[in-house]
Amino acid sequence: MTEALKVIDEKEKNRVRREVGREKFGRAFRQIVENPGKPKWETTGLDFFPRAAVLGDGDSIQNQQIDVISDPSSVVVTFKLSPQKWESIIAEIKDEMKESPNMEIAKIRYSSDNLSFDLCDAFKIKQGAFSILIADPEGNRGSSARGLVRIEIDKAAVEEEIGVGLENLADKLEQVMGEVLGVPDAILAPDEEAEKKYKIARYKWTHKLPIDYALTPEEEKDVVANLKRKEVSPDYFTFVEEGRVEKMKDLGPFFLFHGLKTVDTVFSDEGDDQDEIVPTNITLSNIVKMAETGALISSHERYKRGAGINGWSTIEDLTCGGGDGVFLRLWSQSESWTAGLDEVFDDVMLVFDNSILSRTDYYCYEYDQNGTIAPHSFKGRVTPEELLARQKKDGFRESNEVIFNHGISFKDVRFIAVDEDEDKRQDLIGLFKARGINLVNGVTVEDFIKIFDNELNLVTLVEPKIPEMVEERKHNKEMERRDDLRGEFRIGREVYFPILDKDDVIKEIRHGIVQTHNTDFSADISDGEEILKGVSIDRLLREGFQVKVGDEVSVRGYIPEENKWRIEEFSIDKNSVVVVLKNLKDGYTTRRRPLELLSLYSASEAEKALEKKFKVGDMIIGNDANGYGVTGKGVKCEVTSVSSDGQEVFVRIMDMQSLADMGVGTNEWWVSVHAFDKAE
């Protein structure tokens with residue numbers, strides 16, 4: 001084919017694409033102007049302005065989608081420009097504003113009978129019946145206004161075109177978008193090449209690949225084949241990547257959920273001191289409205305379409321960019337999880353089909369970020385594969401975020417789970433039935449709304465095999481623990497072990513040597529006189545000394561004249577003995593101390609400690625009698641003062657390295673003399 005024929009062929013393709021685009025825009029205008037009732041998928045749910053979606057230019061318009069909305073006074077054409085296009089257009093507008101009387105600073109305002117909300121400052125350009133508002137980047141680069149364009153067409157002007165043909169209005173729209181926004185082919189239906197380019201761009205974005213990353217020819221072929229444009233929420237389309245979720249399943253069980261609090265206190269959006277209490281029945285009713293509307297819809301979309309219904313942090317989400325999305329969380333757990341967490345979920349949970357992770361229009365954070373799209377924070381987003389892998393390693397991160405653009409079809413809800421409240425479940429079933437809804441997604445309401453009472457129970461509703469997996473993990477973990485203890489208390493090792501009476505109460509601690517290991521996780525121990533059989537390895541002690549109930553002991557760290565105690569009883573906590581003591585000085589003080597801090601009472605040692613004398617200027621060294629801090633073994637100090645009874649000294653730490661190791665803020669302390677010895 002000659003170059004001339006190629007040019008003719010290209011022009012003919014564009015002519016056909018433009019005609020297709022004109023017809024689609026004409027139908028969209030006619031749908032919302034001539035038939036202002038709710039679209040067929042909106043039955044009796046939230047009160048939205050009618051909307052129609054049209055595919056548009058693939059290079060400058062995000063998601064290649066342009067929305068046409070009918071509000072009370074105008075027909076609104078709205079979309080988002082790519083960041084690069086947005087910034088370049090604003091730069092041109094700022095240069096022209098000084099000379100053009102048709103430009104001014106205004107607000108992008110959403111209003112209806114129950115809503116009046118200013119989203120952001122905008123540059124407003126007037127061209128006949130068209131008012132073009134472009135969000136000002138100043139202060140909005142990280143908000144839901146990022147890249148936003150709103151073209152308001154006077155409704156009277158639209159109605160005048162009905163007799164002529166609304167395709168003519170599409171021509172005027174294209175002219176305005178070309179002249180003002182620099183998007184000359186906005187209404188052209190994307191051709192095969194434009195769609196291919198956008199598929200590759202979406203693939204790179206969703207997998208966090210650099211813009212300049214070069215796909216191999218084979219990779220590019222797979223991307224083009226696997227990405228398909230689908231309706232993922234009523235009248236909202238995006239590309240989905242076939243096969244992605246199946247690969248994620250290899251990492252283990254996971255699921256997506258949206259939690260709802262049935263009673264909560266939230267601060268009003270005006271920031272005053274009044275709190276708004278959201279009653280249970282309102283939240284439950286909202287779930288029914290979601291089902292009737294057909295989707296969970298983002299705050300920004302609700303505001304654009306006149307439904308001023310706030311979520312838990314609507315204004316904050318709009319401000320930081322999360323207002324464009326619906327927030328879910330991704331549950332998965334570490335390989336060592338044994339179902340120990342029970343309080344991580346809300347009262348009512350919407351659990352979704354994992355297939356929605358094949359969409360390419362969502363992003364994830366490991367922790368709560370209000371869905372921010374601020375550039376400095378957005379760099380920290382993760383792919384769903386990364387989020388899943390990190391939770392498999394470290395456990396469920398209950399504040400993680402998975403933010404889906406625009407909305408999620410209610411058809412993707414697998415079931416609703418209610419936390420331990422059968423009355424609440426019956427209330428929700430009753431609300432569905434009161435609206436004539438007996439089946440949800442092909443399942444009876446009674447089967448669709450389930451009860452859960454803990455994390456494992458909820459997870460089991462998603463994946464019935466999980467309890468079996470948890471028990472297997474518990475068993476493996478216990479076997480590893482036992483193997484570790486057998487290795488530590490190996491045959492021939494000296495150990496300390498408790499002797500129990502007939503009521504399984506510890507009466508003494510003995511010293512012995514491990515002779516054998518038994519299959520029931522016990523050991524036979526020789527104490528030099530006899531072999532005690534079947535001593536649980538769980539009860540063997542790493543440290544200790546031979547002692548029994550009634551023995552008199554001293555406790556490390558006590559003033560010598562008060563340091564005489566009698567053992568009342570023993571208990572074992574994780575291979576460590578805790579001793580209940582009664583003070584013999586006053587006859588009533590009791591303490592619980594670990595065995596390793598005790599020693600058999602010695603009157604001579606006590607007298608020796610009482611006789612210990614230091615004077616100002618002496619160099620002394622810690623003997624670790626207290627087991628911590630300045631008295632630690634080997635810490636060198638100088639005595640700067642002595643108490644009147646001679647039992648305490650004020651010392652200055654001389655060893656700067658010891659001071660640094662302890663991390664203390666001062667090098668001077670009052671301490672007991674028995675914690676030190678005279679330095680040589």
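The values are calculated or read from the model by the stated rules, or taken from the named source; none is laboratory data. Being a predicted model, the structure only gives us computed values, none of them experimental. Here Cβ is always computed from backbone atoms with ideal geometry, including for glycine, and neighbour counts include all displayed protein chains. Heavy atoms of the whole protein, side chains included, go into the accessibility calculation; ligands, DNA and RNA do not. Shrake-Rupley method; radii C 1.70, N 1.55, O 1.52, S 1.80 Å.
Key figures for this structure:
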item: Ordering of 635-641, 244-250, 223-229 by burial proxy (mean other Cβ atoms within 10 Å per residue, highest first); result: 635-641, 223-229, 244-250
item: Whole-Å distance, taken between Cα centres, linking region 16-31 and region 483-545; result: 86
item: Residue-by-residue Karplus 3J(HN,Hα) for region 389-403, coefficients 6.51, -1.76, 1.60, Hz, glycine and proline x; result: 5, 5, 6, 5, 7, 10, x, 4, 9, 5, 9, 5, 10, 10, 10
item: Assigned charges on the beta-carbon of Lys, Arg, Asp, Glu; region 514-601 dipole about Cα centre (debye); result: 360
item: Total formal charge among the other residues, if their Cβ is under 14 angstrom from that of Lys433, Lys/Arg +1 and Asp/Glu -1; result: -2
item: Proximal charge balance of Ile451 [Cβ under 10 Å; K/R count +1, D/E count -1]; result: -2
item: Sites Thr516 and Asn623 - FRET efficiency at Förster radius 41 Å, r taken between beta-carbons, to 0.05; result: 0.55
item: Packing-based order for 473-482, 591-600, using average beta carbon neighbours within 10 Å, highest first; result: 591-600, 473-482
item: Peptide ranges 406-414, 425-433, 290-298, 76-84 listed from the most packed, as the mean C-beta count within 10 angstrom indicates; result: 290-298, 406-414, 76-84, 425-433
item: Per residue value of the accessible surface for region 92-159 (all protein chains in place, 1.4 Å probe), Å²; result: 49
item: Trp205-Arg592 pseudo-label distance in nm [points 7 Å out on the Cα-to-Cβ vector]; result: 5.8
item: Kirkwood Rh in Å, taken over region 375-431 so that all alpha-carbon pairs contribute; result: 15.0
item: Overall form of region 204-252 per C-alpha gyration tensor (a/c, 1.5; a/b vs b/c); result: oblate
item: Accessible-area value, Glu87, 1.4 Å probe, nucleic acids and ligands omitted, Å²; result: 70
